[in-house]
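What follows is one structure encoded as structure tokens, with my remarks underneath.
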Amino acid sequence: MTMAEGDLAVANIKFVRSATIDARPPPLAMSGALGWLRKNLLSTPFNIALTILIVLLLAWVIPGLAKFLLIDAVWTGTDRDACREIVQHREIGACWPFVWERWAYFVYGSYPISERWRVDVFFTMLAIGVVWLLWLGAPRRDLGSVYFFLVLPIASFILLTGWTRIGLQPVDTVLWGGILVTIVVASVGIICSLPFGILLALGRRSRMPAVRLFSVVFIEFVRGVPLVTVLFMASVMLPLFVPEQYSPDKLVRALVGIALFASAYMAEVVRAGLQAIPKGQFEGAMAVGLSYWQMMRLIILPQALKITIPNIVNTYIGLFKDTTLVFIVGIFDFLHTVEVSRIDPKWATPVTSTTGYAVAAMFYLVFCYAMSRYARATEARLAMSDRR
Amino acid sequence: MRKEKGIVMATTANAALHLKPTPLNTAMAVELTGVNKWYGTFHVLRDIDLTVKGGERIVICGPSGSGKSTMIRCINRLEEHQQGRIVIDGVELTNDLKKIDEVRRDVGMVFQHFNLFPHLTVLENCTLAPIWVRKMPKREADEIAQHYLKRVKIPEQAAKYPGQLSGGQQQRVAIARALCMNPKIMLFDEPTSALDPEMVKEVLDTMVGLAEDGMTMLVVSHEMGFARQVANRIVFMDSGQIIEANTPEEFFHHPQHERTKLFLSQILH
């Protein structure tokens, strides 16, 4: 008996495969659409609950939105009567004729009608610049950055403010408004905040006490006050100290305020990235003989900025929406033009405000979502050096 | 500029995978005289006197916390010393940034954790310093980098990122990166301590090759086999002091100090 058991054990230990197992497709429930559903939406009880909840939420929101924005919407008309239930004897949704009529104001503000082509040229130039800079397959991207950071700002400034010598009639910035102002304020904030933020972050980590003290005081002061206060100080307090004729333009003051404000936030974002870089990277860079600025530019910042992309874009998106606060110092940004239009008696209906805000929401959503998507793509591209 | 030209000649005209270490300006590669250093109140380096002649290979060993790493990191000023003199090939290390840069250009360093730049390819890791510090044209730097990558036996990995390589390969890239600057002196700070046992040999072999070519080397290591094979002198440190320095023969067979005997009994089985 014991002998037989021993034989059996030996027989089990010894095993040699004689034929290769052919590859088979996975079970149907694990692949294809059904598999995807199971894996992504219904994998655990908690997940199932979430899925159901979200489906219910969408079922609640989407029909209402569609009804208001499309089905019950009014598409043509010349004044408020087109959008009034009492006149039309039906349920009224979005009042689009109001938007059609006011669209030019939303885009240009009070920019003189005969000069609005200049704003269109600016938008086109900016669009070319953005594509040239951000599209990786674009030709001569080095020229693209020269264009974007040097040619574009100067050309836009001349184009938008005017230069009598080349026949462009001056346009006071008081007349600027709408999407033009929102784009100008946001671009200046976005473009200035990163370099200034980097300098402040480096300053805060500097060994030089004066530089460090300046950076710390600046960052903590600016972060410690609301943006509204910064804007107020820039536009109300500054003229008290500077004589009227030397005091800069109201829009410029707001731009400076926004840029400084965004820089302080950016500095902390960048500092978090710098903090995350291991000491060995600094030592490796120093040991091969790189100078401080070479080390920062070639080794530390590329890595630090890469890991902070989500936070940088987060700050950008916040900044883009914060530009709406410039209305407080009397600048007509996009949201403010909507705000002014919706109380126009010519279009006074119960749905006018909702329609205006819906347009504003879509505008901000498109821009912020675009930034967010581009950042995700960049992250994915830069993650290539992390692959193993 | 002349030196870089010399290297190019060596790579193109004579394909042998050996380097001629850049000659020193003075007979003394490294001179430490009465060096002291404190971290706060903690006395990490105590009256260190050490001279290393050109072409000499020194292995520094000792228990952890004995100040070995701190000492060699003072040689390229990754750490500052607070007392005494450190002279590297005739250049004294002071707060003068120019002098520090000069020393770092000529002293290569290999770290325990490699410290490769993860966002750059292997080739870019090697060409970065020659291009930016030595102002070498990119093509020339590429050529030199390929030469040294061949020498450390991983030319086929040039286009990969450090994260895609094994530890041993990464450390060999780190050695190639240091060699691309054409250094006069090489410092190794526990180069094999972070490696899997199987990869230690490939790194040590590379270092033995360097030693055979006559490179001046200071190596912090516990690889006693390596020490026996290449070291001219072994320096034993404990609690911030040099306890004993001697030829490998004498050091292993006739240790003088009690502390040395104890240390050797613990690491030699």
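Per the listing B:K150, B:K160, B:K99, the residue uniquely over 20 Å from A:A285 (Cα atoms) and of a type in the set (K, R) is B:K150. Can you name the number of the only condition in (1) within 14 Å of chain A (Cβ to nearest Cβ); (2) modelled with pLDDT of 95 or more that B:N182 fails? Failed condition: (2).
When B:H113 is tested against the conditions (1) facing chain A (nearest Cβ under 8 Å); (2) crowded, with 20+ Cβ neighbours inside 10 Å; (3) of a type outside the set (S, T, Y), the lone failure is (2). Residue count for segment B:58-104 under the criterion of being more than 14 Å from chain A (Cβ to nearest Cβ), within 23 Å of B:R259 (Cα to Cα) and buried (at least 21 other Cβ atoms within 10 Å of the Cβ): the result is 9.
Given B:R139, B:R134, which one is basic (K, R) and assigned to a helix (DSSP H, G or I)? One residue alone meets the criteria, B:R139.
A Cβ distance below 7 Å, combined with a sequence gap of six or more or placement on separate chains, defines the contacts here; from segment A:285-311, residues that are crowded, with 18+ Cβ neighbours inside 10 Å reach residues that are at pLDDT below 95 and polar (S, T, N, Q) in the pairs A:A287/B:N76. Of the residues examined, A:G273 is not one that is within 14 Å of chain B (Cβ to nearest Cβ), out of contact with any helix residue (DSSP H, G or I) (no Cβ under 7 Å at 6 or more places or on another chain), at negative phi and assigned to a helix (DSSP H, G or I). Count, please, the residues in segment A:186-236 that happen to be free of Cβ contacts under 8 Å to residues at least 40 places away in the same chain, crowded, with 16+ Cβ neighbours inside 10 Å and within 18 Å of A:L255 (Cβ to Cβ). Adding up the residues that qualify gives 1. A search for C-beta distances below 8 Å between a residue of segment A:17-46 that is surrounded by 11 or more Cβ atoms within 10 Å (Cβ to Cβ) and any residue that is in a loop (DSSP other than H, G, I, E, B) and at pLDDT 80 or above, counting only pairs 6+ apart in sequence or on different chains, returns A:S31/A:P25.
Restricting attention to segment A:241-267, the residues that are among the basic types (K, R) and more than 27 Å from A:S215 (Cβ to Cβ) total 1. Here A:V184 meets the list (1) on the phi > 0 side of the Ramachandran plot; (2) under 24 Å from the mean Cα position of the chain (by Cα) almost entirely, failing just condition (1). Of the strands (runs of 3 or more DSSP E) entirely within segment B:150-269, those holding at least 2 residues that are under 16 Å from the mean Cα position of the chain (by Cα) occupy B:185-189, B:216-220, B:233-238.
Every residue, every condition in (1) over 27 Å from B:S221 (Cβ atoms); (2) in contact with a Cys (Cβ under 6 Å, 6 or more places away or on another chain); (3) β-branched (V, I, T); (4) at pLDDT 95 or above, yes or no:
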residue	(1), (2), (3), (4)
B:D96	yes, no, no, no
B:R105	no, no, no, no
B:V110	no, no, yes, yes
B:L123	yes, no, no, yes
B:L128	no, no, no, yes
B:V152	no, no, yes, no
B:G163	no, no, no, no
B:A174	no, no, no, yes
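Restricting segment A:278-300 to residues that are more than 31 Å from the chain's Cα centre (by Cα) and more than 8 Å from chain B (Cβ to nearest Cβ) leaves a set whose member that is farthest from A:P195 (Cα to Cα) is A:K279.
Filter segment A:157-180 down to the residues that are touching a residue at least 24 places away in the same chain (Cβ under 8 Å) and either in a helix (DSSP H, G or I) or exposed (fewer than 14 other Cβ atoms within 10 Å of the Cβ) (or both) and list them by number. A:L159, A:L160, A:Q169, A:T173, A:V174, A:L175, A:G178, A:I179, A:L180, listed by residue number. Once segment A:337-373 is narrowed to residues that are more than 15 Å from A:T182 (Cβ to Cβ) and loosely packed, with under 14 Cβ neighbours inside 10 Å, the residue that is farthest from the other protein chains (Cβ to nearest Cβ) is A:P345. Against the test of being more than 12 Å from chain A (Cβ to nearest Cβ) and in contact with a Lys or Arg (Cβ under 7 Å, 6 or more places away or on another chain), the options B:I131, B:I154 yield a single qualifying residue, B:I154.
With respect to the conditions (1) among the polar types (S, T, N, Q); (2) at the interface with chain A (Cβ under 8 Å from one of its Cβ atoms); (3) buried (at least 18 other Cβ atoms within 10 Å of the Cβ), B:Q164 lacks only one, and its number is (3).
The values are calculated or read from the model by the stated rules, or taken from the named source; none is laboratory data. What you are looking at is a predicted structure, and each value in this text was computed from that prediction instead of being measured. All Cβ positions, glycine included, derive from the backbone under ideal geometry; neighbour counts span all protein chains shown.
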